[in-house]
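A.B. asks: This is the structure I want to talk about, given as structure tokens.
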Amino acid sequence: MDLFFLLSKGFWVLANPGNLLILILVIALFKGWRALSSAVAFCLLLITFYPVGDLLLQPLEKRFAPPQVLPDEIAGIIVLGGAEEAELSSIWNQPQFNMAAERDMLMLPLMQRYTDVPVILTGGSGSVRKPEFRGADVQQTWLQQQQLDKQVIFERDSRNTFENAIYSQGVLPPGADYADPRGWLLVTSAFHMPRSVGIFRGQGWNVIPYPVDYYSKPAGLNSWRADLGRNLYELSIGVREWIGLGAYYVTDKTDELFPSANLDISLNE
């Protein structure tokens, strides 16, 4: 198990906004730091009533637009895993999906449109403790139940987006080329698309972004809602993705800090 994977998992345990705020609050109460504990309480109150995560998610989700018109010919389709609840699927003996299910849902209309191109579903396990539960296995079971699995290649060993790009090259069928000028439709959550595009480009893939699974709304007074769980969840998604963009850039897993459609590698349009 490589060091980057382990460090990223360990770091996120502490960097997750919910975990971090609670940790700071406990320390502040133990030390008697009233100002710090009051600051944390204010942050939690703000997050309870305002979706702060939208401020982070908006630029990520707006970076790439879905194709207005799908091309007549493509090299293939790549769907990034992450929508599957592999452990729950095993426990209840039926495919279970999470809020990112749009990733897998889009496969069906795309497979109907492009009946003769390879489709790669890439997704193993991102868990350190339970690597036996793999997302691609859930999707394979779901598609087999509908007899729609014949066109799909299931890559089940990757643990993160970088490995998605690498291991997908290893399962290409004969004659397929990841640098094919026709391009591969790349399907993943909109917030995750910038990092995914940068990584896949860095590994030589010619990809056509097809973002799905949106969370954010334009910031404003009408955005107020009393939902700590959802607001904190979306904040965690945004924080994690921005950290991921920086970490992958610093570790040379991508040469684009904030990828865009015009190959701009800067933070500015």
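A.B. asks: Using the Karplus curve 6.51 cos²θ - 1.76 cosθ + 1.60 with θ = phi - 60°, what ³J(HN,Hα) values do you get for each residue of the range 152-164, in whole Hz, with x for Gly and Pro?
C.D. replies: My calculation for the range 152-164 gives 9, 9, 9, 9, 10, 9, 6, 10, 8, 5, 4, 6, 3 Hz in order.
A.B. asks: Using θ = phi - 60° and the Karplus curve 6.51 cos²θ - 1.76 cosθ + 1.60, what whole-Hz ³J(HN,Hα) does each residue of the range 188-200 get, with Gly and Pro shown as x?
C.D. replies: Ordered by residue, 3J(HN,Hα) equals 7, 4, 4, 5, 8, 5, x, 5, 4, 4, x, 5, 5 Hz.
A.B. asks: Could you tell me which of GLY183, TRP205, PHE133 has its Cα farthest along the dipole of the range 113-206 towards the positive end, charges placed at Cβ (Lys, Arg +1; Asp, Glu -1), taken about the Cα centre?
C.D. replies: The Cα lying farthest towards the positive end belongs to PHE133.
A.B. asks: If packing is taken as the mean number of other Cβ atoms within 10 Å per residue, what is the order of 79-88, 25-34, 206-215, highest first?
C.D. replies: For the peptides 79-88, 25-34, 206-215, the packing ranking is 79-88, 206-215, 25-34.
A.B. asks: Whenever you get a sec, line up LEU55, LEU235 from highest to lowest accessible area (probe 1.4 Å, protein heavy atoms). Can you show the working numbers first?
C.D. replies: Details: LEU55 100, LEU235 20 Å².
So, going from the largest accessible area down, we get LEU55, LEU235.
A.B. asks: Next up: Treating the Cα atoms of the range 67-212 as identical point scatterers in vacuum, please give the log10 of the normalised Debye intensity I(q)/I(0) at q = 0.10, 0.13 Å⁻¹, two decimals.
C.D. replies: -0.30, -0.52
A.B. asks: Moving to a separate point now. Output wanted: per-residue J couplings in Hz (rounded whole) for the range 3-10, from phi through Karplus 6.51 cos²θ - 1.76 cosθ + 1.60, θ = phi - 60°, x for Gly and Pro.
C.D. replies: Values, residue by residue: 5, 4, 4, 5, 5, 5, 5, x Hz.
A.B. asks: Let me know the number of lysine pairs in the chain closer than 23 Å at the Cα, not counting same-chain pairs under 8 apart.
C.D. replies: Values: LYS9/LYS130; LYS9/LYS253; LYS62/LYS217; LYS62/LYS253.
Summing the qualifying lysine pairs gives 4.
A.B. asks: Now a separate question. Using only the heavy atoms of the protein chains and a 1.4 Å probe, how would TRP224, TRP184 rank by accessible area, largest first?
C.D. replies: Numbers: TRP224 130, TRP184 0 Å².
Output order, biggest surface exposure first: TRP224, TRP184.
A.B. asks: Using Cα pairs under 8 angstrom and six or more residues apart, how large is the relative contact order of the range 153-269, in percent?
C.D. replies: On the way: 116 pairs, mean separation 27.3, N = 117.
Dividing the mean separation by the residue count of the range 153-269 yields 23 percent.
A.B. asks: With every protein chain kept in the model, how would you rank ARG182, ARG134 by accessible area, 1.4 Å probe, largest at the top? Write down the numbers at each step before the final one.
C.D. replies: Details: ARG182 110, ARG134 65 Å².
Largest accessible area first, the list is ARG182, ARG134.
A.B. asks: Give the average over all directions of the projected area of the C-alpha convex hull of the range 1-43, one decimal, in nm². If you can, show how the numbers build up before the last one.
C.D. replies: On the way: hull surface 13.5 nm².
If I average the Cα hull's projected area over directions, I get 3.4 nm².
A.B. asks: Then there's this: Normalise the Cα radius of gyration of the chain by 2.2 N^0.38 Å (N = residues in it) and let me know the number. Numbers along the way, then the final one.
C.D. replies: Values: Rg = 19.7 Å, N = 269, 2.2 N^0.38 = 18.4 Å.
Dividing the Cα radius of gyration by 2.2 N^0.38 Å gives 1.07.
A.B. asks: If you don't mind, there's one more thing I want to ask. Once the Cα gyration tensor of the range 55-126 is diagonalised, what are the square roots of 5 times its eigenvalues, in whole Å and ordered largest first, as equivalent ellipsoid semi-axes?
C.D. replies: Working: eigenvalues 121, 78, 20 Å².
Over the Cα atoms of the range 55-126, the ellipsoid semi-axes are 25, 20, 10 Å.
A.B. asks: Normalised by the residues of the range 1-146, what does the relative contact order come to in percent, with Cα pairs under 8 Å and at least six apart? Could you put the intermediate results ahead of the total?
C.D. replies: Values: 112 pairs, mean separation 29.7, N = 146.
Reported as a whole number, the value is 20 percent.
A.B. asks: A further question follows. Given SER8, ALA83, VAL119, which one lies farthest toward the positive end of the charge dipole of the range 1-149, if we put +1 on the Cβ of every Lys and Arg and -1 on the Cβ of every Asp and Glu?
C.D. replies: Looking along the dipole axis, the top candidate is SER8.
The values are calculated or read from the model by the stated rules, or taken from the named source; none is laboratory data. Owing to the predicted nature of the structure, the values given are computational and were not obtained by experimental measurement. Cβ atoms come from the backbone with ideal geometry, glycine included; neighbour counts cover every protein chain shown. The protein model used for the area step is the full one, side chains on, heavy atoms only, and it has no ligands, DNA or RNA in it. Shrake-Rupley method; radii C 1.70, N 1.55, O 1.52, S 1.80 Å.
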